[in-house]
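The values are calculated or read from the model by the stated rules, or taken from the named source; none is laboratory data. Quick caveat: nothing in here was measured; it's all calculated off a predicted structure. FYI the Cβ positions are ideal-geometry reconstructions off the backbone, even for glycines, and counts take in every protein chain you see.
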Amino acid sequence: MTETVDAPQRPAHASRVLLLAVAGLIVYSLAALPISQPATMDSHYYYGGGRSLQEYRAFVEPYIWNYLDDPPDLPAPSHLYWMPLPSLLVAAAQWLLGPSFGAAQVPFVLLAAGLPLISYATSWELGHNRRNALTAGLLTVFSGFYVPYWTVPETFAPFAVIGGLTLYGIGRFLEHRRGLWLLGAGVLAGLGHLCRADGALLLGIGILCVLAAGRRRPARAVLSAAVLLIGYSIVMVPWFARNWLTIGAPLSTAGTKTIFLTDYDELFSYGTPLTWERYVAWGWQEILRSKVAAAWSNLQTFVAVDSLVFLTPLCLLGAWQMRRRRFVWPALAYCVALYGVMTVLFTFPGARGGVFHSSVALLPAICATSMVGLDTGVGWIARRRRAWNRRVARRFFGASMVLLAAGMSAYIYSQRVIGNGTWAEPAWNEADVVLAQVGEWLQAQGEGEPIVMVGNPPALTYHSGLLAIAVPNEGVERTLAAARRYGADYIVLDHNRPEPLSALYEGREKDPGLQLVWNAEMGAPAGVAVFRVAGGE
């Protein structure tokens, strides 16, 4: 058990909390400065969603990035696969501060700066040790692979804060039995679900924890679960109502279809039935192999991304030391549930980003339990090496961990954001910039506002304002069927084209329904091929 060195003293947290808040604001404001545009489909989608809320005053979007829920037309109903909270933050920030990408970053910078305070509070609750709490907070400031993503319109910062607070609130209720914590945790669980579809796990593990903790008083346990559910419903019932009016169901079934993927690229299929029968026909050997590969990938995420490698043994040791504390039950349950669901059920989406995104809710618990593990490890060695000074050793290793995390974070940020560019012109801002050139060429054809089929529809809309739909992971026949259904005038292929269209892209396959109108030989950017779609059937 960790020593509670500071327990007899007054908490006096103000100076440390202020230090962490200022450190977070400085680090993440600096991280945000070179970034002037989204760089992934996710961030393009959430940013575009916020702009659409301003433009259309409704949850609609001028692009279709997958066909799982059979979207009817353009503009299409928005946020049926991905949830709306990040886009709501973008819309609110731009309404207050103006329609710029910098304005959209502000709420995400502020949320990210608040995350170290949750780590501080979590660590304090575990051991009432201010040194540990401060170190846990600083480790969260320098969070490695997440630093480049905290400040962009995405789920990372909001879900980390919401998830971390939800787990903290449930844990506080389990130990102190104050109903207000539980109601607040329920509201936060609702916000977590409004941020990410798998955020519903927060509600599920919360209910399981209060039922398990109150098994000797079942009536009280059921009442506690009801309070949690009420808080959740306050947030989610309006969203369920919107979906019911839009699609006739509280939630889209698009997400559950990904359970039956046999390859990640099938997420972008059109006309391919993602069913249990087709999944089983894939073969149990292949199914098992995919689960094992996902389990290994998700374990790597936990070790390398969430725990920065060197925190892994400390975190595991600290979690084992604290296993009887009800306060840590929600975090342990969420960890098991998340990695289980993302391995066994949502195998391909989980390994390709689901775990990376959703495990941010565990960062406060990871940093806090790592400090418990550090104290335990130092104490174990000190008992065997009389020359060791425990206090000096704890401070030395704690400071070394923070410096190591800061160095790793700076290196990762440099590689992911700056790349081969400079601070003023980072490589991050060159992502998908070719689509701006494609958009200019398409608009110069004098055909009004064409609808374009492209690999990253939200990015094309961001750069050109054109309506766009996704290039499906299908052959020419089904691709043309999708293009004609949604009225696409052009198909844009590049190096990241779907494998079934490789022959068309390389010129080894032709179709009377498609005319090559622009490629590198005609002045297009290298690797881009644009086809005009012939008239409908």
Among the helices (runs of 4 or more DSSP H) lying completely within region 125-216, list those that include at least 1 residues that are farther than 21 Å from residue 401 by Cα and assigned by TED's automatic domain parsing to the domain that holds residue 371. 156-176, 179-195, 200-213
Quick check: is even one residue across region 85-97 assigned by TED's automatic domain parsing to the domain that holds residue 33 and either more than 29 Å from residue 61 (Cα to Cα) or assigned to a loop (DSSP other than H, G, I, E, B) (or both)? no
Unmet criterion (only one of (1) in contact (Cβ under 8 Å) with a residue 12 or more places away in the chain; (2) assigned to a loop (DSSP other than H, G, I, E, B)) for residue 357: (2)
Among the candidates 160, 221, 200, 254, single out the residue that is modelled with pLDDT under 95, of a type in the set (A, V, I, L, M) and in contact with a helix residue (DSSP H, G or I) (Cβ under 6 Å, 6 or more places away or on another chain). 221
Inspect region 117-131 for any residue being crowded, with 24+ Cβ neighbours inside 10 Å, of a type in the set (Val, Ile, Thr) and free of Cβ contacts under 8 Å to residues at least 60 places away in the same chain and give the result as yes or no. no
Looking at (1) in a helix (DSSP H, G or I); (2) in contact (Cβ under 8 Å) with a residue 40 or more places away in the chain; (3) aliphatic (A, V, I, L, M), which one does residue 303 not meet, given that it meets all the others? (2)
Filter region 313-331 down to the residues that are hydrophobic (A, V, I, L, M, F, W, C) and surrounded by 20 or more Cβ atoms within 10 Å (Cβ to Cβ), then identify the one that is farthest from residue 162 (Cα to Cα). 314
Using beta carbons and a limit of 9 Å, which pairs, at least six apart or on different chains, have the first residue in region 390-406 and among the β-branched types (Val, Ile, Thr) and the second one assigned to a helix (DSSP H, G or I)? 402/135; 402/138; 402/139; 402/141
Every pair of residues 6+ apart whose Cβ atoms lie under 9 Å, when the first sits in region 261-279 and is touching a residue at least 12 places away in the same chain (Cβ under 8 Å) while the second is surrounded by fewer than 18 Cβ atoms within 10 Å (Cβ to Cβ) and not in a helix (DSSP H, G or I): 262/282; 266/272; 278/272
So, restricting to helices (runs of 4 or more DSSP H) that lie completely within region 386-479, which ones have at least 3 residues that are within 30 Å of residue 79 (Cα to Cα) and out of contact with any strand residue (DSSP E or B) (no Cβ under 6 Å at 6 or more places or on another chain)? 434-443, 457-464
With the structure loaded, tell me whether residue 104 is in the same structural domain as residue 81 (by TED's automatic domain parsing), among the small types (Gly, Ala, Ser) and surrounded by 24 or more Cβ atoms within 10 Å (Cβ to Cβ) or whether it fails that test. yes
Check residue 468 against each of (1) farther than 19 Å from residue 68 by Cα; (2) at pLDDT 90 or above; (3) touching a Ser or Thr at 6+ places or on another chain (Cβ under 8 Å) and name the one condition it does not meet. (1)
Cβ-Cβ under 8 Å pairs, at least 6 apart or on other chains, region 226-247 side under 10 Å from residue 182 (Cα atoms), far side surrounded by fewer than 17 Cβ atoms within 10 Å (Cβ to Cβ): 227/179
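Residue-by-condition table, conditions (1) hydroxyl-bearing (Ser, Thr, Tyr); (2) within 15 Å of residue 81 (Cβ to Cβ); (3) touching a Pro at 6+ places or on another chain (Cβ under 6 Å); (4) outside the structural domain of residue 84 (by TED's automatic domain parsing):
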position	(1), (2), (3), (4)
225	no, no, no, no
232	yes, no, no, no
236	no, no, no, no
245	no, no, no, no
254	no, yes, no, no
Restricting attention to region 237-255, does a residue exist that is part of a helix (DSSP H, G or I), surrounded by 21 or more Cβ atoms within 10 Å (Cβ to Cβ) and of a type in the set (Ser, Thr, Tyr)? no
Cβ-Cβ under 6 Å pairs, at least 6 apart or on other chains, region 415-429 side under 19 Å from residue 144 (Cβ atoms), far side aromatic (Phe, Trp, Tyr): 417/428
Which condition number does residue 497 fail, the rest of (1) in contact with a Pro (Cβ under 9 Å, 6 or more places away or on another chain); (2) basic (Lys, Arg); (3) not in a helix (DSSP H, G or I) being met? (1)
Tell me which residues, restricted to region 1-19, are among the hydrophobic types (A, V, I, L, M, F, W, C) and either at pLDDT 95 or above or part of a loop (DSSP other than H, G, I, E, B) (or both). 1, 5, 7, 12
